[in-house]
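Read the structure below first, then the notes.
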Amino acid sequence: MGYPKDILSSRSIIKPGQYALIAPEGLVNNIIPGFENCRISILASPKLGADFVDYMVTLHEGGKNTTGYCGEEDVQCFVYVISGKVKAKANDQEFILEESGYLYCPPGVKMYLENMESGDSRLFLYKRKHIPLTDGRKPWVVSGHANEIEYMDYDDMHNVHLKDLLPMDLEFDMNFHILSFDPAASHPFVETHYQAHGAYLLSGEGMYNLDNEWIPVKKGDYIFMAPYVHQAAYAVGREPLTYVYSKDCNRDASL
């Protein structure tokens, strides 16, 4: 990195248990067993107030996970390819994922990742404990490419668009979505809800309302939103404000 060329500063805002904006310039490397020739930054985690863990992973040439990721009987995981090309495996099922490619592994299924590029591949990685249904129904392995999914209008608005990456079936207690705002578009209202989010901004610039504070955000930023935190966005600039994000769903609140 070399010596700094300006006064040290950061756009990041961290409010544990409420929300966080994490700018890419401040990310540090974390060593995680099993990952080779890569750079991993832990984003949201229980230490921040999340009930999931998000990571930013850069697989360098030859980078891979040799021992598998997750695979515990109560933990599910998901990977989204931001750029590059990877070979991903769910136990013995193999997938080639390029930009916008993703893979979901249900509890008990290990995920293996290997970079197929001569340069870097960048990934958004997630894990969370699964809440099973009492009737024994279970989620299954899902893979695809978001670029092959058609957008649908969000809340009947022609300038805000949504993609669901995973099935909406009750077997799944979480989902990943892509939400995209045309320039000048916004949420229809400031949301307050039970679900938590972890979001990575894929493109654009905007203003995000977090706990009734309007904060500038842009491509490459990460946002954590805890349950019940006010949240809304509007896009500024010349390209859509687009982000991929997780959401817990299909379960009642526990006592």
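Can you run the Rg to Rh ratio on the stretch 120-255? Use alpha carbon positions and the Kirkwood inverse-distance Rh.
My calculation puts Rg/Rh at 0.97.
Please compute the per residue accessible area over the stretch 77-213 with all protein chains in place, 1.4 Å probe, rounded to a whole number of Å².
45
Between A253 and E61, with labels modelled 7 Å along Cα→Cβ, what's the label distance in nm to one decimal, could you check?
Placing both labels 7 Å beyond Cα along the Cβ direction yields 5.3 nm.
Explain nothing, just compute: Karplus ³J(HN,Hα) = 6.51 cos²θ - 1.76 cosθ + 1.60, θ = phi - 60°, for every residue of the stretch 118-130 in order, whole Hz, x for Gly and Pro.
Values, residue by residue: 7, x, 8, 10, 10, 10, 9, 10, 9, 9, 7, 5, 8 Hz.
Would you pull out the residues with amide H under 5 Å of L210's amide H, same chain only if 5 or more places away, H placed 1.01 Å from N?
I215
Return the inverse of the average 1/r over all pairs of distinct C-alpha atoms in the stretch 54-194, which is the Kirkwood hydrodynamic radius, in Å to one decimal.
Result for the stretch 54-194, one decimal place: 16.3 Å.
Could you size up the charge dipole of the chain around its Cα centre, putting +1 on the beta carbon of Lys and Arg and -1 on that of Asp and Glu, and report it in debye to the nearest 20?
In debye, rounded to 20, the chain gives about 720.
Once neighbouring chains are kept in place and the probe is 1.4 Å, which whole percent of the accessible area of the chain is contributed by carbon and sulfur?
51
May I ask for log10 I(q)/I(0) of the stretch 1-114 at q = 0.22, 0.24 Å⁻¹, from a Debye sum over the Cα atoms as equal point scatterers with solvent left out?
Values returned for q = 0.22, 0.24 Å⁻¹ are -1.33, -1.44.
Evaluate the relative contact order of the stretch 156-234 (contact order divided by residue number), counting alpha-carbon pairs under 8 angstrom at least 6 apart; express in whole percent.
It rounds to 29 percent for the stretch 156-234.
What are the ³J(HN,Hα) couplings of the stretch 4-17, residue after residue, when phi is run through the Karplus curve with 6.51, -1.76, 1.60 and θ = phi - 60°? Round to Hz, x for glycine and proline.
x, 10, 7, 4, 5, 7, 8, 7, 5, 10, 10, 10, x, x
Consider the candidate values [x] 19.3, 59; [y] 17.9, 60; [z] 21.9, 68; state which one is Rg and Dmax of the Cα atoms in Å computed from the structure displayed.
Of the listed options [x] 19.3, 59; [y] 17.9, 60; [z] 21.9, 68, [y] comes from this structure.
Counting Lys and Arg as +1 and Asp and Glu as -1, what is the net charge of the other residues whose Cβ lies under 9 Å from the Cβ of Y200?
-2
Per q in 0.22, 0.23, 0.34, 0.35 Å⁻¹, report the Debye log10 I(q)/I(0) for the stretch 61-103, using one uniform scatterer on each alpha carbon and no solvent.
These q points yield log10 I(q)/I(0) values of -0.82, -0.89, -1.33, -1.34.
Which Rg and Dmax, in Å, describe the Cα atoms of the stretch 204-255?
13.2, 46
Quick one: net charge of P183's neighbours, Cβ under 13 Å, K/R +1, D/E -1?
Local charge sum for P183: -2.
Take a quick pass over the stretch 100-255 and tell me how many lysine pairs come in under 24 angstrom between Cα atoms, counting only ones 8 or more apart or on separate chains.
Qualifying lysine pairs in the stretch 100-255: 18.
For a Förster distance of 22 Å, can you work out the FRET efficiency between the beta-carbons of N37 and I96, rounded to the nearest 0.05?
0.70
Do any cysteines of the chain lack a neighbour Cys whose Cβ is under 4.7 Å away, and which are they?
Isolated Cys, the chain: C38, C105, C249.
For E171, what charge total do you get from the other residues with a beta carbon under 9 Å from its beta carbon, if Lys and Arg give +1 and Asp and Glu give -1?
Within the 9 Å Cβ shell, the charges total 0.
Would you work out the relative contact order for the chain, in percent, from Cα pairs under 8 angstrom that are 6 or more residues apart?
Reported as a whole number, the value is 17 percent.
Picking from G68, I7, I22, whose Cα lies most toward the positive end of the charge dipole for the stretch 1-158 (charges on Cβ: Lys, Arg +1; Asp, Glu -1)?
Of G68, I7, I22, it is I7.
Send over the per residue convex hull volume for the stretch 163-229, Cα only, as a whole number of Å³.
Cα-based convex hull of the stretch 163-229, divided per residue, equals 105 Å³.
Peptides 23-32, 114-123: what's the order by average Cβ count within 10 Å, highest mean first?
Sorting 23-32, 114-123 by mean packing, highest first, produces 114-123, 23-32.
The values are calculated or read from the model by the stated rules, or taken from the named source; none is laboratory data. Keep in mind the model is a prediction, meaning the values are calculated, not measured. With ideal geometry, Cβ positions are generated from the backbone for all residues, glycine too; neighbour counts draw on all protein chains shown. All accessible areas refer to the heavy atoms of the entire protein, side chains included, with ligands and DNA or RNA removed. Shrake-Rupley method; radii C 1.70, N 1.55, O 1.52, S 1.80 Å.
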